[in-house]
Amino acid sequence: MNGAAITEMNYRITELIEPDNGCEGFMPGEEPMVTLILTSENGTVRTVQLPDILAYRLNWATGAAVSGEDIEKYCK
C-alpha cells in the first residue's frame, strides 16, 4: 500500500495500551507513550505509538475514529 492510500484511510481505535512502569515510575525527562491498535474500514490492523498526553489532548480513546492523515501527523 502506498503512503497516499494510508493517509486517506479512516481507522477506529480498537485498543489503547498505556505504559505500566510499576513502582519505578518514569525516568526524568522520559515521556510516557501509549500504543494504539487501529482497525481500518477494510479490516487492516495497524499499531502506532504517540505521547500519552497528546492522545489525551486529541481525545483519542478506545472507539474513537481517527483519520490516516492525523495518524501520519502525530504518531510514530
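Where a number appears in this text, it was derived from the coordinates with a stated rule and is not lab data. It should be emphasised that the depicted structure is a prediction, and the values quoted were computed from it without experimental measurement. Ideal geometry is used to build each Cβ from the backbone, glycine not excepted, and the neighbour counts take in all protein chains shown.
The table that follows gives values for the structure above.
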read-out	value
Label-point gap, in nm, between GLU69 and GLU31 - each point 7 angstrom along Cα→Cβ	2.3
Column: log10 I(q)/I(0), Debye, Cα scatterers of region 29-76, q = 0.17, 0.20, 0.21, 0.25 Å⁻¹	-0.47, -0.65, -0.71, -0.99
Theoretical FRET efficiency, 1/(1+(r/R0)^6), r = Cβ-Cβ of LEU16 and LYS76, R0 22 Å, to 0.05	0.90
Sequence-distant residues sharing a close amide H with VAL48 (under 5 Å, placed H)	LEU36, LEU38
